[in-house]
Amino acid sequence: MSQVSRRGLLSLAGAGGVGAAAGLAAGFLGHDAVAEAAGPANDTVAFYGDRQSGITTPAQDRLHMAAFDVITEDRAELIQLLKDWTEAAAALTAGRETGSTGAVGGPADAPPEDTGEALGLNAARLTLTFGFGPTLFEKDGTGRFGLAGRRPEALIDLPHFPGDGLQEQRTGGDLVVQACSDDPQVAVHAIRNLARIGFGKTRVRWSQLGFGRTSSTSRSQQTPRNLFGFKDGTSNVKAEDAGLLDAHVWVPGGGKATEAWMEGGSYLVARRIRMHIEIWDRTSLREQESLIGRTKAEGAPLSGGTEFTAPDFDAKGPDQETLIARDSHVRVAHPSHNNGVRMLRRGYNFTDGSDGLGHLDAGLFFIAFVKDPRTHYVPMQLAMARQDTLSVEYLQHTGSGLFAVPPGVRPGGFFGEGLFTA
Amino acid sequence: MNAPYFDRQSRAPRGPAARSITSALGLVAGAVLLPLVLTSCAGAGVGAGAPASPAGSPAGNVSGDATLQKLNDTAAAKYSAYVEDQVDQLVAGTKAFAAAFADGNAATARSLYAPTRMHWERIEPVAEAFGDLDPKLDLRQADLAPGEQWTGWHRAEKDLFAPAGYQPMTTSERAVLAKQLVADTEDLRRRTRTVTLTADKLGNGAKELLDEVATGKVTGEEETWSHTDLWDFQANVDGARTAFEILRPALQQNNAGLATELDSKFAALQTELKKHAKGDGFAYYGELTPVQVQKLAALVDALGEPLSRLTSAVVQ
């Protein structure tokens, strides 16, 4: 791969040095990683490690996620693709050009290897996170790539949830790549180059841009707002909560031998949630706050306190009604009403133009990482689809995907290597 | 009379068809000389003494390797013969089509429309090099600038495969269009006889033919009314594959792996396309399901990436 940084910094030695710096920046030590990530020295996130980056990494500002269909049935070709992607990802996340000759170093008669739009840009904390969809393992009842017996039980076909309006062209996929960066051009450049490397083996099934994060994954970050104008993810699992991560996000060891390759990985749930924002904007502030169960300004629960005060679902007002409505979003989604389960949310706001009827096609691209979607996503989503008035009246799920995200990569290895060995 | 046609910088591109003229199979004008009769037997006069590349384009066909140069010269001569043959068939087919169209024999004209155009589509980058002829012959209605006169194949297409509410052409309008179509095609034949091809032009032309498939045919945009896009699709692939086959000796020498890859990607695309063959032709574009179109598009991309490396592999 190209050893030259897009900003001209030699990074032969930098691979280790930059990684170490990024490890500090993203080191979950409770200090402000975002502020630290300002200069070129610490604008990279460590690529190699026990876990994939882009999960507990402090959520970057922009997203480009793409799901791919694998169009070859050749196992060796699939493995080669994963190796090629891994090599390219190592270069991209370090702010280097892809290929041995990069964007402008190749022969004049050949198309450049790297597409070039990131020249001059630093890595902007780019992370690339890879996952495998159910249809990589089997399709229409037939095993693929010799992987039929290797599909983890937790990698289910998500059930139909009430109110779903899923569009085929925004749903599913054999492979997924989540690119997050503080610079949208860097994220798009990464997906574009990976897609290009994949031609002949993969085709892009869907891709989604997110322009602003809606979750914090570190206590160093401010809680951002979603397109309803409310703070989102206040009670998200954070990078600093090691115990919660083990309990709710990381796949534990000691499972079935055929699933050992997932130890230290996670499951990525992606849902494209269209918000009827024009209708929402005509809703009174009182009604908006009641639907959410929190104040709009501060994000404090309606039972009192400040943003991070635990909600009191039993607290009653003078009218003897609970201060937090029974059908409010915060109550229906709260761990105390969902068998104590938590998820690490990492979603993004999106707008994809307009819908032809004078409305913005906008909403939340929901991303969550959980240890098992059967316990940590499906029950909550079923409850929300039935009881959460916010979901029923103001949201529609238009795209969906579930992916097994293998653990991290060691130098010389490749994503999902354990799935193809032993 | 050739010189003006190669003054490319001065010609403002109009519409998608014209947009690609700059790179085309890119003929180095026979600015020199003329009746360079190219036959399939060998590189009579091609290559070595050929005029320099157009201004601003780095000479791609330079190689210190004499063997390679010879292989490439032979390839250029062979492709010239292919172009000559296709243009001859195009002229003959166009005459028959134009006669039927002018006579109001719509059924015959409709049946000749797609098969005849295949000869055009096989060598489209060559034709596109003549910046004025391409729009005259192949402009789609959507490509027209305000006030621009619309002639050529697609004007006839709309009359033959008329949409609802369409006002048919009069007999005399059809006669004028038919006459112009034949005259422009004969002009094309005359001019293609005077061009000199080089290996890099073949490689780039092959890539451009596949680009045409990717942006115009697999999307169903080329044949708005007749929906005979798959005929064009096949013809573009034919032209690209012929260029590849002709360049194979040089490619084999320089990058055998790429030759193998192109073989398999061409074969995969051809196999899929063949599934839509019907009678002497193909299914209409509208008969394809979205899934079938996606499959074709993925195979076009699969071929397009390695094909984009053909030129540098043969001129290195």
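The values are calculated or read from the model by the stated rules, or taken from the named source; none is laboratory data. Because the structure is predicted, anything quoted here is derived from the model rather than measured. Don't worry about glycine lacking a Cβ; one is built from the backbone with ideal geometry, like all the others, and counts go over all protein chains shown. The area values use the complete protein model at the heavy-atom level, side chains included, leaving out ligands, DNA and RNA. Shrake-Rupley method; radii C 1.70, N 1.55, O 1.52, S 1.80 Å.
Label reach from A:Gln222 (point 7 Å along Cα→C-beta): in the stretch A:328-349, amide nitrogens under 20 Å belong to A:346-349.
From largest to smallest, the equivalent ellipsoid semi-axes obtained for the protein assembly as shown from the alpha-carbon gyration tensor read 56, 31, 22 Å. Residues of the stretch A:196-237 whose accessible area (probe 1.4 Å, heavy atoms of protein chains only) drops by at least 20 Å² once all protein chains are present, relative to their chain alone: A:Arg196, A:Phe199, A:Gly200, A:Arg203. Can you flag which of B:Lys136/B:Lys158; B:Lys95/B:Lys217; B:Lys136/B:Lys274 are past 22 Å Cα-Cα? Check vs 22 Å cut-off fails for B:Lys95/B:Lys217; B:Lys136/B:Lys274. Here the stretch B:230-249 is scanned for amide nitrogen atoms under 16 Å from the site 7 Å beyond the Cα of B:Thr67 along Cα-to-Cβ, giving B:248-249.
Note on the stretch A:351-422 and the stretch A:240-276: Cα centroid distance 12 Å, given to the nearest whole angstrom.
Chains A and B: how much accessible area gets covered up at their contact, both sides added, probe 1.4 Å, in Å² to the nearest hundred? Mind dumping the intermediate values first?
Values: alone 17340 and 13370 Å², together 29770 Å².
In total, this chain pair buries about 900 Å².
With all protein chains kept in place, the per residue accessible area of the stretch A:263-422 amounts to 42 square angstrom at a probe of 1.4 angstrom. Overall, the anisotropy analysis places chain A in the prolate class: the square-rooted eigenvalues a ≥ b ≥ c of its C-alpha gyration tensor yield a/c not less than 1.5, with a/b exceeding b/c.
The residues of the stretch B:65-315 have, on average, 37 Å² of accessible surface per residue, using a 1.4 Å probe with all protein chains present. Taking 0.36 nm per residue of separation and subtracting the current Cα-Cα distance, fully stretching the chain between B:Thr260 and B:Lys95 would add 55.4 nm.
Between A:Asp314 and A:Ile156, the simple label model (points 7 Å from Cα in the Cβ direction) yields a spacing of 3.2 nm. Peptide packing: for A:184-190, B:181-187, the average count of neighbouring Cβ atoms within 10 Å per residue gives the ranking A:184-190, B:181-187, highest mean first. Once the Cβ-Cβ distance of B:Ala145 and B:Ala267 is raised to the sixth power relative to R0 = 41 Å, the FRET efficiency obtained is 0.50. Each of B:Glu186 and B:Gln253 was given a label point 7 Å from its Cα along the Cα-to-Cβ line. The distance between the two points is 4.2 nm. The stretch A:155-233 and the stretch B:110-177 have Cα centres spaced 44 Å apart. The count of lysine pairs in chain A that are at least 8 places apart or cross chains, and whose C-alpha atoms lie under 21 Å apart, stands at 6. Close amide-amide hydrogen proximity is noted between A:Val405 and A:Phe132, A:Ser266, A:Tyr267, A:Leu268, each under 5 Å apart and 5 or more residues distant or on a separate chain (H modeled in the peptide plane; Pro and chain starts excluded). With all protein chains in place and a 1.4 Å probe, the accessible surface of the protein assembly as shown carries 55 percent carbon and sulfur.
Excluding same-chain residues fewer than 8 positions from B:Lys70, which lysines have a Cα within less than 30 Å of its Cα? Leaving aside lysines fewer than 8 places away in the same chain, those within reach of B:Lys70 are B:Lys78, B:Lys201, B:Lys207, B:Lys265. The modelled label-to-label distance for the pair A:Thr351/A:Asp50, using points 7 Å beyond Cα in the direction of Cβ, is 4.3 nm.
Between the beta carbons of A:Leu119 and B:Val291, assuming R0 = 41 Å, the FRET efficiency works out to 0.60 to the nearest 0.05. With loop membership from DSSP and a limit of 16 other Cβ atoms within 10 Å, the longest segment of chain A without GluC sites (Glu not before Pro) is A:322-422. Within the stretch A:96-129, the residues that become at least 40 Å² less accessible when every protein chain is included than when their own chain is isolated (1.4 Å probe; DNA, RNA and ligands ignored) are A:Asp109, A:Pro111.
For the segment B:302-310, counting C-beta atoms of other chains within 10 Å of every residue's C-beta and taking the mean gives 3. Cβ-Cβ distance of A:Ala110 and A:His276, R₀ of 41 Å, FRET efficiency by 1/(1 + (r/R0)^6): the value works out to about 0.25.
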